[in-house]
Amino acid sequence: MLRPQTNRFRGRILLGAIFIFAILCTATRSEAVVLPVPGGVNLVGSSGIAKPDGSYTLVADTGAVPYASEKNTYSGTLISRVYTNDSDLTNPYGIGSLTFVYILSNSPTSLHDLHRLTISSFAGFQTDVNFSTSLPSGHLPTSADRNPLPGDVVGFNFPTSIPGLFVGNGPITHGETSAALVVQTDAVLWQPTLAAVINGSTTMVDSLAPLPIVPEPSTLALGGVAMAWALVAAYRRRRRSA
């Protein structure tokens, strides 16, 4: 008959194996993020960043994708680009990491201003946001934010200034184009996604965002089995030496 402490140890081994296998199945990146989850950053007065420019490698470009609100009160285009190989290391996450750039325009015929652009999904990735001074100049954002966990949505804001309350850079009015909105990440793969152009109503438009790296189910299973066998072997060695 096993002693009580041996039974307790075996129970801990089993729980440990289950816990480690669960981590293998659900693991995400755990490093600290520059743009908090949730959180925001004020971009008023920012000098921007001098990238991306010729030292980057362009890996994807949607071109100017048109959008229009359901009631046709506003319309325009969204350009989404992905860059890598930043030789000057302005991407804080390394030379192989991806930088996403978005340029939002509001048509001259639009009746409404534009106040917000959101892109998803950045869940599980670190992000650092700003605007570029190397690409053609445009309307600067007032702030950027990231939603609560899972932190999948990054947004750029262009609110109307309210005298006596806050002063921002204002909305993107008809005929205006935003500055190049930059999201530097530690992602290494990208995928098609949808962005949301917002002003009273929400209009979806094709865009680009990071692609999570998901281990193959067979890899997860083999890793879990191997870890469980290692724990069982440790238990047997402890039992023999008891």
Checklist outcome for this item: Computed over region 74-172, protein heavy atoms only, probe 1.4 angstrom, the accessible area per residue in square angstrom equals 38
Checklist entry - What order do you get for 141-153, 65-77 when each peptide is scored by the mean count of other beta carbon atoms within 10 Å, highest first? => result 141-153, 65-77
Checklist entry - Expressed in nm to one decimal, what extension gain is obtained for the pair Ser161 and Val44 from 0.36 nm per residue of sequence separation less their Cα-Cα distance? => result 41.0 nm
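The values are calculated or read from the model by the stated rules, or taken from the named source; none is laboratory data. Since this is a predicted model, take the numbers as computed values, not measurements. We place every Cβ from the backbone using ideal geometry, glycine too, and count neighbours over all the protein chains shown. Surface areas here come from the heavy atoms of the whole protein model, side chains and all, with no ligands, DNA or RNA. Shrake-Rupley method; radii C 1.70, N 1.55, O 1.52, S 1.80 Å.
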